[in-house]
Every structure is written in structure tokens, then in C-alpha cells.
Amino acid sequence: MSLSEKRENADQCPTAPPVNSENNQNGVPVNLRAVCNVCKRLYRDPKILPCLHTFCADCIGQLEPFSVSSRRAGPEEGRAAEENRAAVTVTVLCPACDSEVDVPPSGAAGLSTDHLALDEVFQETLVSDGPLGCDLCGEGAAERRCEVCCVNLCAFCCQAHRRQKRTASHSVQSLQELKTQGRLSRPVLCSLHPGQELRLFCEPCDLPVCLECGATLHRDHRCCPARDVIHRHGDRIRELVTVRLRPRLERLEESLQKVEISQETLQERVEATAEEVRAFARGYASAVEAHCLALLRRLEELRLQRRNQLHLQRAQLRQALSDVRGGVEFAERLLTCGSDAEILSAKGVTLRRLTSLAESGYDPRPATVAPDDGGSICFVPGERAGEVEGYPVVGVIHAKTLDLSKCTIEGEGLQRGREGQQGQFTLVCRDSAGEQMGRGGEQILVSIVHKEKKNCMVETTVVDNNDGSYGVSYTPAEPGAYSVWVCVKAQHVKGSPFVLNVKRKFRRHRGTFHCCSFCSSGGAKEARCGCPGTMPGGFQGCGHGHKGHPGKPHWSCCGSTVEQSECLPQSVVAAVSPRGHLRTVEL
């Protein structure tokens, strides 16, 4: 079997077992640089993608195409491109960085081989596999390795390898020495000429070639020894890395470190805040529970208080009922069954008892006695209830009983109003102690009716302020006296019904200003207005030296039935005549 066949068989036989998730193989740690991230095995024919990530050639060939495109080769691409002018370029996604990379038309075989990965694989094989067999005879244990042919040799094959003229100059090293080295440095061989090391570099093709390739395929090209051009090309890579990429790498690492620190700080802050929220929730829940218990205790106190009152009221009613029933039954039996003498003899004591019961007995009239059914007890969840254990809480139990005699009405809109203008007043519901109820929900009825015109009613609007007060607004359409009913639970409050006096609305004065009645009326007793209306005026001196009976200076009114104070002048323009008289000016 030839050397090339041995190498092909070695590459095609995936004998390396898969590496588990803990990065070890048979209990021995595995170098991750020797493992393919797709198949999780040691590299087999590793190829470099354009994104500089390495995978097995078979793994690259099994990647699902992301997109497929065809292109025409340009004239500068040579004869090789001429043969593939209609070649199809397949784009795949890199399994490591998820970048879109193009695979050559020839497939994964057209990608560059990662020789560093092969070194790592060989080093890993030496360390993990233990004793190796000879790659040539397959019988003896391998003791040495030819770095040029990349085969393991036993002692006999090693001697034969050195006696052959073609392989006599190859470098052969002990496997034990290779295991102790930290890194292998193997020669890169030509894929077209087995055993030939790539020692030349073709400038036009930008490819490393062997001596035979340089003498045959690249004989018309400028080929230089690799050691002469390595500095120039290596310096370009080194410059990109040192000048441009290394500083960016440091900045990226620094920024990433800041982001990770910020992420950790954020997580710590969120966790601390979450603990504060949980502690607050626990404390708040405890305060709410304590407030709930306090409300329930208050409710129980109200129940006992009201129950005792009802018990007392029931006892009083029972006693009063027994007394009145006894008196009534005795009097009726006396009148029905007694003779005249019996009635007259018991008249005195009977009349005294019945008179006492009628005048001073317990009388359960609705105005004085109203059984407490607990309707005044209510829970207001939105009202603030102070603090409990340092936490603000809401929810109050109200148990005030409405007292109609203590309800008050505030605002001038209840006594007087103005035609066409909105009037307002406020009803404040109070309890027996005179305190504001502090809650709404009462049934309020407000009725405003003209005293003379019964069909003239004013529409009212009642707004519940939810604090025991109720705003009432109305707009009268006609002047006059109105009767205002204010009722709570179908009963009048104290003072209801009220009397509301609605005056006429103010009118713009369109009359004439006169210095006196005599001047404006030509000596008549009454001054006539421009509306026309008359305004009587007394004969008093105006101070202007009139002959005759001067009248009283005045505004002539816009209507004979309208008071002078209700007329509003639009403007006042006055001038003195040559004789000293005040002119009349139309407004």
C-alpha cells in the first residue's frame, strides 16, 4: 500500500470516538482546539471557513445551504475559472458565529486546510491514545514518526525509511520526544505531490507550492522561497492585528467587561429591590391584617352598642305596652261589665291612671322613636384611615346616624336669586352630635316651585360630594317668590320649605340722563324715559337757578316697573351748557 493510500484511508476512517460534554475522552481531558464543534470528534480533514472558524470537511458539506447563487467567472480568474464559469456558489451559516459564508463551487475541498488543527489532533492522539501501531507494516509498535510523510514507524520500517533515497532526508523524531513537546511543528505537504513540502510561494497565484509545482504548473510564474516572503506577508497580518485589531480587541474586552459588570450590578440591584418589595409587601400585609382586625373589632363594638340600645328600647316598649294594655283592658271591662255604682266608685283611680298613661307614658311616635336596623353602619374603602405600623391604610367604618334637625344649608342661593343666572347652595347632612356625616349616598330631593305660578318649576341638579355634603344648583327662568323643598329620605330638613326670592336680571340702561325733572320734561311733573316710561320726581332744587319748580336729578328708567338701582348705564357723557345747565346726553 502506498503512502498516499495510507493517508487517504487514515483520513476517511473516522475512528476517533466522540467527546462528551465534560471535554474528556476515556477519562482524559481533551484539547478543545483539536475537536470539531459540529461532530464533537477530533478533526478529520479540518477546513477553514472565510470567518476563520474550523470544522471537518464532512461537517461543512452537511451544512444546509442558506442561499444559492450562480456567477460568471472573470477573465482574471484564469483557466480554472473558465471551466467553472457557470459554477454555483453556496452560502451557509457558520455553526460558531452564525455568519453567512460562501463555500467554493468545488465544495469544502476548495477551502484552506487548517494545519494547526492537524498539529493539535496529532498531539492529542499521542497523549490520549497510548501505544500506536506502525502505519506502514501494521505489525510492530510505532516508535518514531516521519514529519514529512506524517506516518508513524516501527523500528524496522524506520530503518527502511532512511535507506530509501527518496525519504532518506526526511526528519524522523521519537514519539516519546513528541509527547513531551508542548506543540508540534510539522511540515506542510503538497496535495498534488505527496511527500513534497510547500517551500515556494507563487506571487501571481498567491499560493504556497512545492518544488515540482513550481517546475511544472507554475513554471512561468514568479515563485520565491517561502522564507523570503514570509516576513512581508506575515508583517501585513501582524500590522492588522497589532495596529488595528488588537486595540479594538482590548476596547471590546473592556466594554464587554463593563457590560458584564453592569449586568451583575443590575441583577444585584434588582434582587435587592425585589427583597425590599417583598419585605414591604410582608409588612404592608401585616398592617392591612391588623387594620382589618381593628375594623372588625370596631364593627363588633358597634353591634354590641346598638344591640344594647335595641334591648333597652324593647324593654321600654314592652313595659309601656303592658301598662297601656292593662289600663285599656281595665277601663273597657269597667265600662262594659260594671254597674253605675261600680263605675263611679272606681272612676277616680281609673281616671288618674289613664291620665297618667296618656300624658307621661312612653309614646313610640316615628318622630321620636326609630328602631336602629344598622342602616347607618357602612364601610368606606377609599377613605384614608391613618397609619398602622408605619404604613398608610384606607378603609373606615362609619356609624353616624342622620339627624334631620341638625342638617344645615349653606350659601346665599337658597334665599335670593337672579333671573336667568345660576344659583347654588349646599346641603350638609349631620348626625345627632352636629358632626358632618362624612359619607354620601343619601336620598336627596329638592323641589323649587313658583308660589303664584304653580306650573312654573325650576329644574335642579344635586351633586353628591361623598363627604356628607350635597351641592344643589338651579337656574330660574322667571322672577318672583319660590317655595324650596329640601328633603332627605322623604322628610323635610329643618326650615324646609324655604322661601326663595328671584329678582329680575340687570338690564342695560337705554334711557336719558337729566339734570332734573323740570329740565327733561319741559316743566312737567314727571320725566319721561326713552323706553318710554315715566319716573316721578319730587320738586327739589337742582342748583341751576331754574324759574319755576325744579325737579330731582335722575336717570330716566327703562321701564316704569323696574327699580332705578337695576338699570345699569352703558356710559355717561355730560357737558355743561353756556348757561350753566347740564345737557342731556343720549346713551
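The values are calculated or read from the model by the stated rules, or taken from the named source; none is laboratory data. In this text the structure is predicted, and so the values were computed from the model without any measurement. Cβ sites come from the backbone with ideal geometry, for glycine too, and all protein chains shown count toward neighbours. For accessibility, only protein heavy atoms count, side chains too; no ligands or nucleic acids. Shrake-Rupley method; radii C 1.70, N 1.55, O 1.52, S 1.80 Å.
For segment 395-412, the condition holds for no residue, the condition being that it is within 46 Å of the chain's Cα centre (by Cα), modelled with pLDDT of 85 or more, farther than 16 Å from residue 467 by Cβ and acidic (Asp, Glu).
Please indicate, with yes or no, whether at least one residue in segment 289-296 is touching a strand residue (DSSP E or B) at 6+ places or on another chain (Cβ under 6 Å), closer than 15 Å to residue 389 by Cα, modelled with pLDDT under 95 and of a type outside the set (A, V, I, L, M). Scanning segment 289-296, I find at least one residue that is touching a strand residue (DSSP E or B) at 6+ places or on another chain (Cβ under 6 Å), closer than 15 Å to residue 389 by Cα, modelled with pLDDT under 95 and of a type outside the set (A, V, I, L, M), so the answer is yes. Could you check, for segment 414-435, whether at least one of its residues is free of Cβ contacts under 8 Å to residues at least 60 places away in the same chain, among the aliphatic types (A, V, I, L, M) and in contact with a Cys (Cβ under 8 Å, 6 or more places away or on another chain)? Yes, segment 414-435 contains at least one residue that is free of Cβ contacts under 8 Å to residues at least 60 places away in the same chain, among the aliphatic types (A, V, I, L, M) and in contact with a Cys (Cβ under 8 Å, 6 or more places away or on another chain). For segment 297-345, the set of residues classified as among the polar types (S, T, N, Q) and assigned to a helix (DSSP H, G or I) consists of 305, 308, 309, 313, 316, 319, 322, 336, 345, listed by residue number. Residue 469 fulfils the conditions (1) within 30 Å of residue 378 (Cα to Cα); (2) more than 50 Å from the chain's Cα centre (by Cα); (3) open to solvent by less than 60 Å² (accessible area, probe 1.4 Å) except for a single criterion, (2).
Per-residue answers, yes or no, for (1) touching a strand residue (DSSP E or B) at 6+ places or on another chain (Cβ under 8 Å); (2) of a type in the set (Ser, Thr, Tyr); (3) in a strand (DSSP E or B):
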{"position": "467", "(1), (2), (3)": "yes, no, no"}
{"position": "470", "(1), (2), (3)": "yes, yes, yes"}
{"position": "478", "(1), (2), (3)": "yes, no, no"}
{"position": "481", "(1), (2), (3)": "yes, no, yes"}
{"position": "484", "(1), (2), (3)": "yes, no, yes"}
{"position": "487", "(1), (2), (3)": "yes, no, yes"}
{"position": "496", "(1), (2), (3)": "yes, yes, no"}
{"position": "501", "(1), (2), (3)": "yes, no, yes"}
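Among the residues of segment 67-98, those identified as in a loop (DSSP other than H, G, I, E, B) and either modelled with pLDDT under 65 or loosely packed, with under 15 Cβ neighbours inside 10 Å (or both) are 71, 72, 73, 74, 84, 85, 86, 87, 96, 97, 98. Determine if segment 480-492 includes at least one residue that is among the hydroxyl-bearing types (Ser, Thr, Tyr) and within 45 Å of the chain's Cα centre (by Cα). No, the conditions are met nowhere in segment 480-492. Candidates 332, 300, 276, 239: the one that is loosely packed, with under 11 Cβ neighbours inside 10 Å, over 30 Å from residue 395 (Cα atoms) and of a type in the set (D, E, K, R) is 332. Taking segment 440-455 as the range and being in a loop (DSSP other than H, G, I, E, B), closer than 30 Å to residue 395 by Cβ and open to solvent by 30 Å² or more (accessible area, probe 1.4 Å) as the test, the residues that pass are 441, 443. Selection of first residues in segment 469-487 that are over 25 Å from residue 442 (Cα atoms) and of second residues that are surrounded by 16 or more Cβ atoms within 10 Å (Cβ to Cβ) and of a type in the set (Gly, Ala, Ser), restricted to Cβ pairs under 8 Å at least 6 apart or on distinct chains, gives the following pairs, ordered by first then second residue: 476/417; 476/423. If you go through segment 103-117 and keep only what is open to solvent by 50 Å² or more (accessible area, probe 1.4 Å) and more than 14 Å from residue 59 (Cα to Cα), you end up with 105, 106, 112, 115, 116. Of the residues making up segment 411-438, those that are more than 16 Å from residue 501 (Cα to Cα), of a type outside the set (Gly, Ala, Ser) and open to solvent by 30 Å² or more (accessible area, probe 1.4 Å) are 426, 430, 435, 436.
Given the residues 389, 383, which is the only one that is over 26 Å from residue 432 (Cα atoms) and at pLDDT below 90?
On inspection, the qualifying residue turns out to be 389.
Restricted to segment 393-409, and to residues there that are on the phi < 0 side of the Ramachandran plot and either among the charged types (D, E, K, R) or touching a Pro at 6+ places or on another chain (Cβ under 6 Å) (or both), the residue that is most open to solvent (accessible area, probe 1.4 Å) is 406.
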